[in-house]
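The values are calculated or read from the model by the stated rules, or taken from the named source; none is laboratory data. Please read these numbers as outputs of a predicted model, since none were measured by experiment. Don't worry about glycine lacking a Cβ; one is built from the backbone with ideal geometry, like all the others, and counts go over all protein chains shown. Surface areas here come from the heavy atoms of the whole protein model, side chains and all, with no ligands, DNA or RNA. Shrake-Rupley method; radii C 1.70, N 1.55, O 1.52, S 1.80 Å.
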Amino acid sequence: MTQPFRLPDFYVPYPARLNPHLEAARVHTKRWARDFGMLEGSGVWEEKDLDSHDYALLCSYTHPDCDGETLSLVTDWYVWVFFFDDHFLEMYKRSQDRDGAKDYLDKLAAFMPMDLAEGFPEPTNPVEAGLADLWARTVPAMSMDWRERFSLSTKNLLDESMWELANINIGRVANPLEYIEMRRKVGGAPWSAGLIEYVSAEVPARVAHTRPLAVLRDAFSDAVHIRNDLFSYEREVADEGELSNAVLVLETFLGCTTQEAAEASNDLLTSRLQQFEQTALTELPQLFADHAMDPAEIAAVLAYAKGLQDWQSGGHEWHMVSSRYMNEEARATTPVTLPFLPSGLGTTALDLRSLFTRRSMELRTRSFTHVPFERTGPSVIPDIHMPFPLTLSPYLDRAREGSVDWARRMGLLDPQPGDPGSAIWNEHKLRGYDFALCSAGIDPDATPEALLLNACWLTWGTYGDDYYPVVFAQAKNLGAAKATTARLVSMIPVDHAEQGVPATAMERSLADLWVRTSAGMTPEVRGEFRATLVSMLQSWVWEMENQIQNRIPDPVDYAEMRRHTFGSHLTMYLCRLGQAGRGIPEEIYRSGTIRSLENAAADTACMMNDIFSYQKEVEVEGEVHNYVLVTRNFFDIGYAQALHICHSLMTQRTEEFQHIVANQLPALYDDWKLGAEARAGLDAYVGELQDWLAGILNWHRKCRRYREEDLHRLGDALSTGVLSSGFGMAAARIGLPA
């Protein structure tokens, strides 16, 4: 049978090595699998299946330096997770038994207790029995922080199988952003990263959730999953009816051939590996300095990063030989025998040809060689799908005048002594931006006081977003950007008594808004609210780093950081506060369903903003942060094609939002057995997000910020610096405390 496409040339920048304890692991894991009922009689595997898949070889390639006992334990984990995948397929995916699948998955959580003294339930199948054994053998060596992180990634891996099943039931192929988000959970690579910590070194808890570590994990995960999707397309799509596959997702979204989709998938894999390298080389050293990490902590992080690299090349080598995958026509890696490189058994995966292939070299080169301020002409605004009606607050005029008056009093409209970069706005510009119009659309039911507060937040956020590129990117002064950010963070303490003394107009206005908004919040809620603001401020520093390097971001990293720079996480949190007291469990907001809903809404708004602001950002400001530009760079295509792709993706994210509301929310309500009040509260939250989207679109269409005549008439923007694309309506529905 002919393969559905020719496997592309892979970017393999790290050498694969083979653990010398391979044979011992093979013998051990076969005995373990048989003892726990995974072979003969399981209805899933026979001995020949386990032999042909050769998970011991996978683990020997991906963990080349660990001792024999550790290798056997890790191999057992992989046997278990692949058995689970095939067991779930046979028991529930083929029959599309959603109720049975949910009951099956719910029971597995009990086999991962944080405290082993709690014991385990009596297992009823090989998956439960195997998990209990593995958990008891693994967690004693790890901290509680690691246990919680690994338990969560395991739970995600198991639970998101329901998402795959739901899509199979209705024949639905995900859009690309949805695929990346969900594949990380169901694909299991974040789970693999947890085992890499077990084998190499545990990441210090105080930096485990920082951006550099998260990006290393996510870039690793995406590359692992996309590589697996390329090798497994034939088995998954043709045999199993699987729909969660990168090649199929791009084939469907782009309307291209399977071969073209495979090449695009491989380009994305390469981009994610290059993002990994960029983060390791530029962000980790800064992380070490910023957190004053000691040598032992630094060594642990570097050992973990090396473990992730080992897994990448080892996983590739295993895919090349495993009978589980389509690899007959794969181009073998070429052994490298230079004297300064590793040699011997299992060192074939470093292929210098892959480092210098035209596609991988061009992708890296394009990211750093964009010529800023290129002539683009007016932004083309396509018809934008907006299924939600617009309603405006009757207090719009009052908020307009009040927010301008507030900005004047705070000093945002006049140059500040000692701060030449502060001369970026005047009252004429601010009135043209009309942030009160945005507030009136995104929160049409707000009180007059709350609407004014909304408009003030939008004013402050956009001022800050305009200020950073003018003052820091043009001067290439990252240190000053970080110092300013630290000062702004000092304006938003959980304890108001600890608030710093403002020294600039931007600090003074933030301090004012912080106290007015958070005065009635509990310390816990105030801390969560503060975290969303801090993440937004830190994302502005990330933008400055890219601007200084003249680097167009990797498309996945850009999409995920754009939600922060746009203020989306702040938005969503404040929207939730309006539903406080309605019996909605906090865990609901952490569920995959609600997070997918929020991300779909955020991405729609972010792409909308980038489409409107394309000329302003690319031509007038010399920006590298724009969905259309990032798409142009990744695919090496023109503006019209990139705009079409972004518009299509924006439309599909809006449709995904509607799909979640119509299909996944009812199931979530039933799964949690929510009462009428909680259901009404979540329905109201959905309504707020719908208002948010409709209000943002209306504002973009009517404000005087993005049209060509606005850009050229406000010529002083070119002399004082540039005006960025906006805070992203991050103050949506900020209500005054009850």
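Tell me the per residue accessible area of segment 1-112 using a 1.4 Å probe; a whole number in Å² is fine.
On a per-residue basis, segment 1-112 sits at 41 Å².
Once segment 601-717 is represented by equal point scatterers at the alpha-carbon sites, with solvent omitted, what log10 I(q)/I(0) does the Debye formula produce at q = 0.14, 0.15, 0.17 Å⁻¹?
Here the Debye-derived log intensity ratios amount to -0.71, -0.77, -0.90.
If segment 221-303 were replaced by its equivalent ellipsoid, with semi-axes equal to the square roots of 5 times the Cα gyration tensor eigenvalues, what would those be, largest first, whole Å?
Over the Cα atoms of segment 221-303, the ellipsoid semi-axes are 37, 14, 8 Å.
Tally up the carbon and sulfur contribution to the accessible surface of segment 264-303 as a whole percent, 1.4 Å probe, everything protein left in place.
Working: 960 of 1460 Å².
In segment 264-303, the share of accessible area belonging to carbon and sulfur is 65 percent.
Once every DSSP H run of n ≥ 4 in the chain is given -39500 (n - 2.57) and the sum is divided by its residues, what mean residue ellipticity at 222 nm do you get, rounded to the nearest 500 deg cm²/dmol?
After summing the helix terms and dividing by residue count, I get -19500 deg cm²/dmol.
Translational diffusion coefficient of segment 166-248 at 10 °C, 1.306 mPa s, Stokes-Einstein with Kirkwood Rh over Cα pairs, in µm²/s as a whole number.
Rounded to a whole number, D works out at 113 µm²/s.
Report the normalised scattering of segment 434-558 as log10 I(q)/I(0) at q = 0.09, 0.10, 0.21, 0.22 Å⁻¹, calculated by the Debye formula with identical scatterers on the alpha carbons.
-0.29, -0.36, -1.25, -1.30
Of Lys185/Lys306; Lys185/Lys616; Lys185/Lys673; Lys107/Lys673, which sit over 29 Å apart, Cα to Cα?
On the way: Lys185/Lys306 22 Å; Lys185/Lys616 37 Å; Lys185/Lys673 24 Å; Lys107/Lys673 17 Å.
Violating the 29 Å Cα-Cα cut-off are Lys185/Lys616.
Can you tell me the FRET efficiency between Val173 and Asp383 if r is taken as the Cβ-Cβ distance and R0 is 22 Å, rounded to the nearest 0.05?
0.40
Can you pull the percent of segment 396-496's accessible area that's carbon plus sulfur, 1.4 Å probe, other chains left in place?
Result for segment 396-496: 55 percent of the exposed heavy-atom area is carbon or sulfur.
Rounded to whole Å and ordered largest first, report the semi-axes of the equivalent ellipsoid of segment 496-548 derived from its Cα gyration tensor (root of 5λ).
23, 16, 8
Using 7 Å Cα-to-Cβ label points, what is the Ser591/Thr210 separation (nm, one decimal)?
Distance between the two pseudo-spin positions: 3.5 nm.
Short version: what are the Cα gyration tensor semi-axes of segment 140-214, square root of 5 times each eigenvalue, largest first, in whole Å?
Working: eigenvalues 160, 36, 15 Å².
Computed over segment 140-214, the values are 28, 13, 9 Å.
Relative to the present Cα-Cα distance, how much length would full extension add between Glu528 and Thr447 at 0.36 nm per residue of separation?
26.8 nm is the gain from fully extending Glu528 to Thr447.
So what J values fall out for segment 477-493 if you push phi through Karplus, 6.51 cos²θ - 1.76 cosθ + 1.60 with θ = phi - 60°, rounded to Hz, Gly and Pro as x?
Computed from phi, the couplings for segment 477-493 are 10, 5, x, 5, 4, 5, 5, 5, 4, 4, 5, 5, 4, 5, 7, 10, x Hz.
Between Lys155 and Arg359, what FRET efficiency comes out of the Förster formula 1/(1 + (r/R0)^6) with R0 = 30 Å and r the beta carbon distance, rounded to 0.05? List each step's numbers first, then the result.
Numbers: r = 37 Å, r/R0 = 1.24.
Here the calculated transfer efficiency is 0.20.
Find how much the distance from Ala676 to Met144 grows on full extension, using 0.36 nm per residue of separation minus their present alpha carbon separation; answer in nm with one decimal.
187.8 nm
Where q = 0.23, 0.27, 0.28 Å⁻¹, what log10 of I(q)/I(0) comes from the Debye formula for segment 94-141, counting one point per Cα?
Treating every Cα as an identical point scatterer, log10 I(q)/I(0) equals -0.81, -1.00, -1.05.
Roughly how many debye, to the nearest 20, is the charge dipole of segment 94-159 about its Cα centre, given +1 on each Lys and Arg Cβ, -1 on each Asp and Glu Cβ, and no other charges?
240
How long is the gain from Leu116 to Leu302 if the chain were fully straight, where each residue apart is worth 0.36 nm and the alpha carbon distance is subtracted?
Stretched fully, the Leu116-Leu302 segment lengthens by 64.0 nm.
Summarise the accessible area of segment 102-163 (1.4 Å probe, protein heavy atoms) by the percent that is carbon and sulfur.
The C+S portion of the solvent-accessible surface of segment 102-163 is 54 percent.
Give me the distance in nm between label points sitting 7 Å out from Cα along the Cα-to-Cβ direction at Ala684 and Ala640, one decimal.
4.9
List the relative contact order of segment 217-301 as a percent without decimals, with contacts defined as Cα pairs under 8 Å and 6+ residues apart.
Values: 57 pairs, mean separation 25.9, N = 85.
About 30 percent, as a whole number.
In whole Hz, what ³J(HN,Hα) sequence does segment 280-286 give by Karplus (6.51, -1.76, 1.60; θ = phi - 60°), x for Gly and Pro?
Along segment 280-286, the couplings run 4, 7, 10, 9, 4, x, 5 Hz.
What FRET efficiency comes out for Asp419 versus Thr391 if R0 is 56 angstrom and r is the Cβ-Cβ distance? Round to the nearest 0.05.
Efficiency for this residue pair is about 0.90.
Evaluate the relative contact order of the chain (contact order divided by residue number), counting alpha-carbon pairs under 8 angstrom at least 6 apart; express in whole percent.
So the answer I get is 16 percent.
In percent, how large is the relative contact order of segment 430-546, given Cα pairs closer than 8 Å and 6 or more residues apart?
Answer for segment 430-546 is 28 percent.
Once both labels are modelled 7 Å past Cα along the beta-carbon direction, what's the Val494-Val321 spacing in nm?
5.2
At a 1.4 Å probe radius, which order do Leu243, Leu453 fall into by accessible area, largest first? If you can, show how the numbers build up before the last one.
Numbers: Leu243 35, Leu453 0 Å².
Order by accessible area, largest first: Leu243, Leu453.
Using alpha carbon coordinates only, what is the Rg to Rh ratio of segment 414-501, with Rh defined as the Kirkwood radius?
Answer for segment 414-501: 1.03.
Working from Cα positions, state the angle (0 to 90°, nearest 10) between the long axis of helix 523-549 and the longest principal axis of the chain.
90
Can you give me the angle between helix 676-702 and the longest principal axis of the chain, using Cα atoms only, in degrees from 0 to 90, rounded to the nearest 10?
Helix 676-702 sits at roughly 60 degrees to that axis.
With a 1.4 Å probe and all protein chains in place, put Ser367, Ser323 in order of accessible area, largest first.
Details: Ser367 20, Ser323 75 Å².
These residues rank, largest area first, as Ser323, Ser367.
Against the longest alpha carbon principal axis of the chain, how many degrees, from 0 to 90 and to the nearest 10, is the axis of helix 639-659 turned?
Roughly 80 degrees between the two axes.
How large is ³J(HN,Hα), in whole Hz, for each residue of segment 364-374 in order, when computed from phi with the Karplus curve 6.51 cos²θ - 1.76 cosθ + 1.60 and θ = phi - 60°, using x for Gly and Pro?
5, 5, 4, 5, 10, 10, 4, 8, x, 6, 5
What does the convex hull of the Cα atoms of segment 92-209 come to per residue, in Å³, rounded to a whole number? Kindly include the intermediate steps, with their values, before the conclusion.
Numbers: hull volume 13.2 nm³, N = 118.
It is 112 Å³ per residue.
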